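What follows is a single structure, written as structure tokens, with notes after it.
The values are calculated or read from the model by the stated rules, or taken from the named source; none is laboratory data. Note that the structure is a prediction, hence the values are computed from the model and not measured. Backbone-built Cβ (ideal geometry, glycine too); neighbour counts: all protein chains shown. Accessible surface is based on the protein model in full, side chains and every heavy atom, while ligands, DNA and RNA are left aside. Shrake-Rupley method; radii C 1.70, N 1.55, O 1.52, S 1.80 Å.
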Amino acid sequence: MEKIVVLTGAGISAENGLGTFRDEEGLWAQHRIEDVATPEGFAANPQLVHDFYNARRAQAVEASPNAAHQALARLEAEFSGEVLIVTQNVDNLHEAAGSKAVVHMHGALSGALCAACDHRWPAPLVMAPNDPCPACNQPATRPDIVWFGEMPYGMEAIWDQLRAADLFVAIGTSGNVYPAAAFVQDAARYGADTVELNLEPSATISDFADARFGKASDVVSAWVEEVLAQ
Ligand code: OAD
């Protein structure tokens, strides 16, 4: 086995108190997706959208990686082949744990993006709609987050990696949001073995060859031990 591609979702950071999206008390039970996670919502009320991401950024900077993030960093450091993490999460806990090969397909809270000229820069802790872009000076600052209706980042490279993968692992994701929910099929079609590690079966569980259920800090750590022992 030479290449492992890992997809992570909100469940891997749930034990850090960052909140998942679709659980009973999840973020989408408290906020309407249309209001805070679409370009239309941002156009209608940019302050509301900045408030939402400012609050999430404040929480994220306080969080530390848990045993699952640490186990994945260890996998990358000790596995004889290649490990790539594709995360849907906008926190930086994989990097904080020491993972190097991480693609943030849905963007990151740590980034700011100019909607006028596409310039990117590190986000301040608190962003506001009238913050000027450091490159073009337009007051068109937005979080560097991929919203519904926008193309996730790095897709061509991700699909190349999925085609080359020997093993695809999905961790803590409910399998409701595409294109990430189809990665298991993409990888399996090109011959990868597949495993889901989740608290409970995802919407795409039937596409996986194998699964382990439990808290990420338990199941991911145990799975990494197994892979490294092989
Ligand atoms: P969801 O909230 O949809 O799913 C979280 C998953 O994590 C569920 O399957 C839970 O069972 C599982 N889970 C909860 N606690 C866990 C724990 N301690 N250990 C392991 N698993 C646990 O979150 P995502 O699938 O990440 O996109 O959501 C995908 C995308 O939808 C997000 O990136 C975001 C959201 O709308 C955008 O905002 C564009």
> Within the bounds of the stretch 23-45, is there any residue that is more than 30 Å from A164 (Cβ to Cβ), surrounded by fewer than 17 Cβ atoms within 10 Å (Cβ to Cβ), small (G, A, S) and within 12 Å of the ligand (Cβ to nearest atom)?
Replying inline: yes
> Here is a list of conditions, (1) assigned to a loop (DSSP other than H, G, I, E, B); (2) aromatic (F, W, Y); (3) farther than 22 Å from H69 by Cα, and W121 meets all of them except one; can you say which number that is?
Replying inline: (1)
> When only residues in the stretch 146-158 that are assigned to a loop (DSSP other than H, G, I, E, B) and in contact (Cβ under 8 Å) with a residue 12 or more places away in the chain count, which is farthest from the ligand (Cβ to nearest atom)?
Replying inline: G154
> Quick one: which of A135, A115 is out of contact with any helix residue (DSSP H, G or I) (no Cβ under 6 Å at 6 or more places or on another chain), open to solvent by 60 Å² or more (accessible area, probe 1.4 Å) and at pLDDT below 95?
Replying inline: A115
> In this structure, does I85 turn out to be open to solvent by less than 70 Å² (accessible area, probe 1.4 Å) and either modelled with pLDDT under 95 or at positive phi (or both)?
Replying inline: no
> Is it true that G19 is under 30 Å from A71 (Cα atoms) and either part of a loop (DSSP other than H, G, I, E, B) or not assigned by TED's automatic domain parsing to the domain that holds A164 (or both)?
Replying inline: yes
>> Can you tell me which condition D166 does not meet? The list is (1) away from the ligand (no atom under 16 Å from the Cβ); (2) more than 25 Å from L199 (Cα to Cα), and all the others hold.
In response: (2)
> Within the stretch 160-170, is there a residue that is assigned to a loop (DSSP other than H, G, I, E, B) and either open to solvent by less than 40 Å² (accessible area, probe 1.4 Å) or touching a Phe, Trp or Tyr at 6+ places or on another chain (Cβ under 9 Å) (or both)?
Replying inline: yes
> With G191, G214, G172 as the choices, which residue is at positive phi and more than 8 Å from the ligand (Cβ to nearest atom)?
Replying inline: G191
> So which pairs qualify, if the first residue must be in the stretch 159-172 and without any contact (Cβ under 8 Å) to a residue 40 or more places away in the chain and in the same structural domain as D186 (by TED's automatic domain parsing), the second must be more than 16 Å from the ligand (Cβ to nearest atom) and not in a helix (DSSP H, G or I), the Cβ gap must be under 6 Å, and the two must be at least 6 apart or on different chains?
Replying inline: R163/Y190
>> Consider the stretch 51-74. How many of its residues are open to solvent by less than 20 Å² (accessible area, probe 1.4 Å), in contact with a Leu (Cβ under 7 Å, 6 or more places away or on another chain) and more than 16 Å from the ligand (Cβ to nearest atom)?
In response: 0
